[in-house]
Amino acid sequence: MMKKKLTRKKSHHKLKDRTTCWAVVEMCYIGLLLLLIILSAGARMTEDRAYLTYHLRVVLSKSMEPAMPSGSLVVTQNTTIGDVQKNDIVTFKTEDDLVSHRVKDKRIDDGETVLITQGDNNETIDREPVTAENIQEKVLCHFPLLGKFLLTAQKPAGVAAVFLTVVLMLLIRYFVELLRMERRHKDVE
């Protein structure tokens, strides 16, 4: 009889440990989803997608692979040409767009500091040197595939998918809790 009670206690502790672990994972997941939704909404509302001096960018091309795969979420910070070093990844303005490439060289041309840049996946350096007027930001870090998620989450179907995922997680949690309560009730009898 005593052995049976000990076995129940051990299995109860294992169940409790699994429950706690599941709850932590669930809360982290929901927290991450909410954070991404907030960041996504904020990035949408601010014209230059800036939070103080930090910016969120999404890598759309393969020019920086494998260092920054297409679809990565990139966190950048405002910078000046004087703060940039060789091998830094910088974001600069071109005629059409913003580009993030690696600095291959920093030199002085006609009394002006310029940066020679190149995409890691490109065979040649960029046509035009980056000037002080064109430099925008320095890349601090990137998160592979997170940018694709953010871009998707900004679309109506993406918002619905994120919402349904959270609801599904909460429903699963609710039914697991119901089953657990039923087991406890049977154990008491």
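Nothing in this text is a laboratory measurement; each read-out follows from the coordinates by a stated rule. What you see is a predicted model, and the numbers here were worked out from it, not measured in a lab. Glycine gets a Cβ as well: all are built from the backbone with ideal geometry, and neighbour counts include every protein chain shown.
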Q. Distance in nm between label sites at MET27 and VAL188, each 7 Å beyond Cα in the beta-carbon direction?
A. 2.5 nm
Q.
When a/c reaches 1.5 or more, the comparison of a/b and b/c decides; with that in mind, is segment 47-148 rounded, prolate or oblate per its Cα gyration tensor?
A. oblate
Q | segment 62-90 and segment 127-189: distance between their alpha carbon centers, rounded to Å | A | 24 Å
Q: Would you mind putting 53-59, 175-181 in packing order, based on average other-beta-carbon counts within 10 Å, highest first?
A: 53-59, 175-181
Q.
At a threshold of 8 angstrom on Cα-Cα distance, excluding pairs fewer than six apart, so keeping six or more, what relative contact order does segment 47-148 reach in percent?
A. 34 percent
Q: For each of LYS62, LYS86, count neighbouring Cβ atoms within 10 Å of the residue's Cβ, then give the residues from fewest to most.
A: LYS86, LYS62
Q) At a Förster distance of 41 Å, what's the computed FRET efficiency of ASP110 paired with LEU151, Cβ-Cβ distance as r, to 0.05? A) 0.55
Q: Arrange the peptides 159-167, 97-105 so that the one whose residues have, on average, the most other Cβ atoms within 10 Å appears first.
A: 97-105, 159-167
(Q) For a 25 Å ceiling on Cα separation, which of these pairs sit above it: LYS86/LYS148; LYS93/LYS148; LYS106/LYS148; LYS104/LYS148? (A) LYS86/LYS148; LYS106/LYS148; LYS104/LYS148
